[in-house]
Amino acid sequence: MRDYLLTLCVTAAVTYLLTGPVRKFAIATGAMPEIRARDVHREPTPRLGGIAMFFGLCAGLLVADHLQNLNSVFEQSNEPRALLSGAALIWLIGVLDDKFELDALIKLGAQMISAGVMVAQGLTILWLPIPGVGTVALTPWQGTLLTVALVVLTINAVNFVDGLDGLAAGMVCIAAAAFFLYAYRLWYGYTIEAAAPATLFAAILMGMCLGFLPHNMHPARIFMGDSGSMLIGLILAASAISITGQVDPDALKIFEGSTRQATHAALPVFIPLVLPLTIIAIPMADLVLAIVRRTWKGQSPFAADRGHLHHRLLEIGHSHSRAVLIMYFWSALIAFGTLAYSVHSTSMWIVLGVVALSAIGLVLLLLPRFTPRAPRWAQAVVPPRYRRRKPAVVPAGADGTAASAEAAESAEEEREPVPAGVNGATAIGHRSRFSDRSKAGARG
């Protein structure tokens with residue numbers, strides 16, 4: 001565990017330290033696209049954050065190769081080299097897209113080729129566990145097609161969810177954490193050496209996301225761009241493929257006993273294939289709703305609009321940061337709920353806990369303007385946004401109570417204006433610095 005934590009910390013440190021120089025490089029090279037109608041940020045923001053993330057990946061693999069307990073991963077398996085080869089190719093295409101806006105078909109072809117490069121070096125799905133049946137071996141063509149499909153699906157899911165500051169990096173970090181716990185349990189708990197590469201990939205992926213998040217949280221100073229979103233999507237898919245395609249199910253002893261017992265025991269084996277879907281579930285639902293919405297209006301399904309899930313969270317009153325945290329919550333609930341159920345599938349407490357947390361998430365989702373107020377004895381030590389407001393002084397009117405009530409209502413409206421703007425409404429009031437910066441940019 002210490003070696004994995006060291007690898008994670010080195011990856012995060014390299015990514016964090018390189019993101020600042022990469023930002024200056026992106027500004028110098030003009031990798032700052034114009035703001036589109038569907039964007040939620042107000043100022044042109046540099047991309048190419050994937051450059052720092054890629055070098056963080058290289059640093060993590062290099063450190064792991066020199067650690068005594070992790071060196072065996074590189075000696076006994078070709079998967080780290082396969083991952084680095086596919087990651088380098090998809091990263092290069094992403095950098096070119098961040099600068100020159102490549103065609104969607106070119107990027108799709110590059111994603112398939114990157115997956116093919118990993119398959120050619122042994123990182124592929126060799127079998128599938130079927131509950132009640134056992135292990136079903138796949139032919140080379142079947143394994144290749146399934147591997148490519150999983151890689152392309154995961155890459156585009158991460159790319160699709162990258163719509164708010166810090167959203168994609170945070171959700172992938174949550175999924176990587178669930179991957180790490182599952183893979184480490186197989187490697188340490190069952191002493192299965194074949195699970196070590198997936199554990200290493202998940203630790204490095206967490207480090208890449210954690211190192212980039214401080215620069216990418218709202219208001220973001222740099223975006224990861226396609227060079228970053230496609231890169232972390234490929235690593236996430238590679239982790240799932242590694243642990244699903246290479247771990248021997250006989251070592252887990254899951255297909256012993258009756259058919260019903262084998263069905264329950266085989267559930268944990270499906271978790272690596274299910275976990276990538278935890279970040280796909282939310283964007284895929286948004287995609288289906290977008291297609292129905294645009295088709296109902298007589299528009300093309302590919303027409304851009306501001307009706308996506310994160311846009312709606314902003315429109316109903318959530319701040320940018322709160323919308324991101326809500327999506328973090330749902331991703332963590334799905335990922336870790338699935339992971340907990342795989343470990344103790346017979347425990348009813350896990351199901352009840354997931355249901356209770358889902359209810360809490362719905363309450364938070366439906367209360368966009370809820371702002372907690374501190375008690376009176378803590379007024380002096382909390383931020384102003386949490387302090388109780390003093391009642392407005394209402395002048396006495398000639399017609400008595402009615403005039404006073406109208407004046408009080410008018411004062412209340414002046415004190416709490418309804419915020420609006422391209423960046424969405426905040427739950428705590430208008431952020432004047434955004435408008436000031438946009439005006440300054442317009443004057444410049």
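The values are calculated or read from the model by the stated rules, or taken from the named source; none is laboratory data. Just so we're clear, the structure is a prediction, and the values are computed from it rather than from any experiment. Virtual Cβ from ideal backbone geometry, glycine too; neighbours counted across all protein chains shown. Quick note on the areas: whole protein, heavy atoms, side chains included, nothing else; ligands and nucleic acids left out. Shrake-Rupley method; radii C 1.70, N 1.55, O 1.52, S 1.80 Å.
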Enter the accessible area per residue of the range 52-152 (Å², integer; probe 1.4 Å; all protein chains in place). 48 Å²
Length gained if Leu105 through Asp3 is fully extended, taking 0.36 nm per residue and subtracting the Cα-Cα distance, is 32.7 nm
Taking placed amide H atoms and a strict 5 Å upper bound, the residues 5 or more places from Trp127 or on another chain that come that close are Leu138
Sorted by accessible area with a 1.4 angstrom probe, largest first, how do Glu315, Glu75 fall? Glu75, Glu315
With every protein chain kept in the model, how would you rank Lys99, Lys107, Lys297 by accessible area, 1.4 Å probe, largest at the top? Lys297, Lys99, Lys107
Near Phe25, within a Cβ-to-Cβ distance under 13 Å, what is the net charge of the other residues, with Lys and Arg +1 and Asp and Glu -1? +3
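With the full set of protein chains in place, find how many percent of the accessible area of the range 79-167 is carbon and sulfur; take the probe as 1.4 Å.
74 percent
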Rounded, prolate or oblate: which fits the range 58-176, taking a ≥ b ≥ c as square roots of the Cα gyration tensor eigenvalues, rounded meaning a/c under 1.5, else prolate when a/b beats b/c? oblate
Gyration tensor verdict on the range 1-124 (Cα atoms; rounded if a/c is under 1.5, prolate if a/b is larger than b/c, oblate otherwise): oblate
